[in-house]
There are 2 protein chains.
Amino acid sequence: MRPALCKERRWYHELSYASHGEPTDVLSFQTTSDDVNHDPTDENLVHVKMIHSPWNPADINTVQGTYPSPAKSLGIKDNLSAESLYFSDRWVAGSEGWGRITSDSKNLRKGSLVAIGTPGLGTLRSSLWIPESSLLVLSEEILGISGPAGCSLIQLGGTAFRMLSDFAPLQPGDVVVQNAGNSAVGLMASQIAASKGISMASVVRRGSRSQDEYDELVEYLLSKGKNSLVIAEEDLDDKESLRRFQAELKQISVSNELPKLALNAVGGASVKALIRSLENGGTLVTYGGMSAQPVVLGTPQLIFKDIRAVGYWHSRWMIQQSHEQKQEMVNILSKAVLDKSIECPPVKVFPLKNVEEALHWQSSQGSIRKKLIWDCQEI
Amino acid sequence: MRPALCKERRWYHELSYASHGEPTDVLSFQTTSDDVNHDPTDENLVHVKMIHSPWNPADINTVQGTYPSPAKSLGIKDNLSAESLYFSDRWVAGSEGWGRITSDSKNLRKGSLVAIGTPGLGTLRSSLWIPESSLLVLSEEILGISGPAGCSLIQLGGTAFRMLSDFAPLQPGDVVVQNAGNSAVGLMASQIAASKGISMASVVRRGSRSQDEYDELVEYLLSKGKNSLVIAEEDLDDKESLRRFQAELKQISVSNELPKLALNAVGGASVKALIRSLENGGTLVTYGGMSAQPVVLGTPQLIFKDIRAVGYWHSRWMIQQSHEQKQEMVNILSKAVLDKSIECPPVKVFPLKNVEEALHWQSSQGSIRKKLIWDCQEI
């Protein structure tokens, strides 16, 4: 047992679950004395006190059991000796977040602000022991500028950043098209695109919104989201409006071309509009399936239009890339937050122990939604 | 007008059409004196007397108007000064074939056996003027070994060869899965795979075949097709049989892995089985859509299984690649025919003028079909 732990007798707390199900049913706040648990002997493990952790859609699906555990499906347990990391025998929810190093560390400074760079370890907890190589160092100022929202930068901003970087040879002046423009990743994507001189056109569902609510959403996506064009999916139903949309897309592209890249988090009918908006040889990247409808590709689109459909799973990228590559991405994203070229989506913060209140608030939000951020410090 | 043409007053003939429709309705045999037409002044144009041209599915779809003209969609007209190539004001059917050079040529030997290496020019004709750069030289022996069947080597064998070469890092000992294993391309693919030490597993439709007919087909695909495994699509309906199929696929792979590559010419339900047979990170290449059903990809297959769906259009490859790359491929395929590691599918030959009889024969074939080859020489 580490002497430091014994002297400073602390309470450890977490949001965890023993079986899969709806978070409101299975997720509960657990608290215990942290010196009854595993004492890591690996000297590369450092102790991190968590500050904030976001509640991303993937975290909900992981608790529900419909989202695969990156730890399990990507073989991460073998590398990270997971048993030594966990104070709990239950599954701890959450997959990213930031905290502060509170133990001595070989290569990192005690007190540094760090993000948990390995997904799937469970971040909705007050503290954890974790290998240095899983930590990404953040500039101290980011906490002041972004507030708690910044803790979701790596999953949200990272997903958007990689999709805009790794799948199509984009140049300033190009245009990209996406659905779910009002999702957190969609908002980050349009801002990151703008910071690279790339225009974003967002397709959003009007759904049951009133005209006022819809106008407010469009205004929000154009201003805060920095989109160049926003269109309702429902307005792309007929060929004529689709042609008009294509003409507008070409107009906002410097080279008068359709997008080479489309980002899909929805599936179904919405994908049809995205594919038709793509230039020959374009790429459709799928990172979510909100509609629960699959991605349907006509054979002529594949063969003659040369459309390529791929998926993007940010957890895979985070596990497979080197620490250097991850740290480089974090540096770029942090810099963009610091110089205000991107702004994290609006959030509301709840302490872990208020789990019921937080989940109830989260399910009863209106048109422009805020992200739920957990405060891991309070007790 | 070239003196040679005037002296040797010849009759030119073609199978051509003035409007799109069913080949039986719109395709007709046309004959004319060939000196009334354009006299090419470009000294790089050479005169080729056609020998054989195959009747590929894409040729039928082009006449029907459901298959885009490579010439039109890939901007080939600008490069090839198409007007000087055509004796006819009608569209000439056919997209590949071989013939013999009958004019003096800068770089090629008069009398050489050559394949038309640029798709979309119309090959169902007795002769054409064509740039040297569109001709691919064939070894003289291939005509003796393959017979007329060899004229379809570039489209069929080329499609199969490129799909096996360009989309996945295949090694000897790997396994590839395909549907339409009994199609002409499917047969070439399994033979080419075998010649590279790669096993092919073919999914075929049992359909309305009797057990005897089905057994005969399987035997044919295993022996002549050199498949390692043949299974009926209908036998992959339930999870248990799919699991058995996956186990068999792993067993015939040296590394005990599922295929990295799947070739799809069908679409619909058949694609579902292919995708489920793929290793994580695998690629589905679509080159046809016989079922007229689209390619459906579940979001989890894209994101978590990292399946990539692309299309392959051999005409695009043939137009976009350099002459050297095309000639290199032809050399490899020719060598494989000469050393009997691949054998072209069985054919039946009809002269152009017997168009009605040929199309009627073609539509009334049985279980193991032969390919229709046009004899462009006879009149």
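What follows draws every value from the coordinates through simple rules; no lab data is involved. Because the structure is a prediction, the values reported are computed rather than measured. Note that each Cβ is placed from the backbone with ideal geometry, even for glycine, and that neighbours are counted across all protein chains shown.
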Student exercise, the range B:182-281 dipole from Lys, Arg, Asp, Glu Cβ charges, in Debye to nearest 20:
440
DSSP loop trypsin sites (Lys or Arg not before Pro) in the range B:319-379 with at most 13 other Cβ atoms within 10 Å of their Cβ, which ones?
B:340
With the label 7 angstrom out along Cα to Cβ, how close does residue A:241 come to the same site in each of the other copies, in nm, nearest first?
4.4
Please list, by residue number, everything in the range B:189-210 whose backbone N is under 17 Å from a paramagnetic label point 7 Å out along Cα→Cβ of residue B:237.
B:204-210
Quickly estimate the mean residue ellipticity at 222 nm for the protein assembly as shown, helices only: each DSSP H run with n ≥ 4 gives -39500 (n - 2.57), and the total goes over all residues, rounded to 500.
-9000 deg cm²/dmol
In nm, one decimal, shortest first: how far is the label point of residue A:353 (7 Å from Cα along Cα to beta carbon) from the matching points in the other copies?
9.9
Name the most mobile residue of A:101, A:332, A:142, meaning the one with the largest mean-square fluctuation, in a Gaussian network model of chain A with Cα contacts below 10 Å.
A:332
Report ³J(HN,Hα) in whole Hz for each residue of the range B:184-194, in order, from the Karplus equation J = 6.51 cos²θ - 1.76 cosθ + 1.60 where θ = phi - 60°; Gly and Pro get x.
4, 5, x, 5, 5, 4, 5, 6, 5, 4, 4
Short version: ³J(HN,Hα) in whole Hz for each residue of the range A:327-343, in order, from phi by Karplus 6.51 cos²θ - 1.76 cosθ + 1.60 (θ = phi - 60°), x for Gly and Pro, what are they?
5, 4, 5, 4, 4, 5, 5, 4, 4, 5, 5, 5, 8, 6, 7, 10, 10
For residue B:268, list long-range residues whose amide hydrogen, built 1.01 Å from N in the peptide plane, is under 5 Å from its own amide hydrogen.
B:293, B:295, B:296
Would you mind listing the distances between the residue B:335 label point and the same position in each other copy? Use 7 Å along Cα-to-C-beta, nm, one decimal, shortest first.
4.9
The helix B:239-252 Cα axis meets the longest alpha-carbon principal axis of chain B at an angle in degrees, between 0 and 90 and rounded to 10, of 70
For each pair in A:224/A:250; B:106/B:340; B:196/B:239, compute the distance between the two Cα atoms and list the pairs where it is over 30 Å.
B:106/B:340; B:196/B:239
Tell me which of A:134, B:183, A:155 sits at the most positive position along the dipole axis of the protein assembly as shown, charges placed on C-beta atoms (Lys, Arg +1; Asp, Glu -1).
A:134
Under a point spin-label approximation (7 Å from Cα along Cα-to-Cβ), what is the residue A:210-residue A:332 distance to one decimal in nm?
4.3
Charges at C-beta only: +1 for Lys and Arg, -1 for Asp and Glu. How large is the resulting dipole of the protein assembly as shown about its Cα centre, in Debye rounded to 20?
600
Kindly express, to the nearest 10 degrees and within the range 0 to 90, the angle between helix A:211-223's C-alpha long axis and the longest C-alpha principal axis of chain A.
70
Separation of the residue A:107 and residue B:219 label points, Cα + 7 Å toward Cβ, nm
6.5
Here the range B:238-338 gives, from Cα atoms, an Rg and Dmax in Å of 16.4, 49
Evaluate the distance, in nm, between pseudo-label points positioned 7 Å from the Cα of residue B:256 and of residue B:24 along their respective Cα→Cβ axes.
5.5
Work out the FRET efficiency for residue B:133 and residue A:280 from their Cβ-Cβ distance, taking R0 = 25 Å, and round it to the nearest 0.05.
0.55
To the nearest 0.05, how large is the calculated FRET efficiency for residue A:348 and residue A:325 if R₀ is 35 Å and r is the Cβ-Cβ distance?
0.60
Projecting each Cα onto the charge dipole of the range B:168-311 (Lys/Arg +1, Asp/Glu -1 at the beta carbon, about the Cα centre), which of B:290, B:218, B:278 comes out farthest on the positive side?
B:278
Could you quickly flag the chain A residue whose beta carbon comes closest to the rotation axis taking A to B, and that distance in whole angstrom?
A:309, 2
DSSP-loop trypsin sites (Lys or Arg not before Pro) across the range B:89-186, with at most 15 other Cβ within 10 angstrom
B:106, B:109, B:110
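What's the long-distance tail for chain B, i.e. % of Cα pairs beyond 37 Å? Could you put the intermediate results ahead of the total?
Working: 16018 of 71631 pairs.
Pairs farther apart than 37 Å: 22 percent.
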³J(HN,Hα), Karplus 6.51/-1.76/1.60, whole Hz, each residue of the range B:106-114, x for Gly, Pro
4, 10, 10, 7, 4, x, 5, 7, 9
In the range B:168-311, how does Rg compare with the Kirkwood Rh, expressed as the Rg/Rh ratio over alpha carbon atoms?
0.93
At 37 °C and a viscosity of 0.692 mPa s, what translational diffusion coefficient does Stokes-Einstein give for the protein assembly as shown, taking Rh as the Kirkwood radius over Cα pairs? Give it in µm²/s as a whole number.
112
Have a look at A:66, A:159, A:283 and tell me which one the Gaussian network model of chain A (Cα, springs below 10 Å) gives the largest fluctuation.
A:66
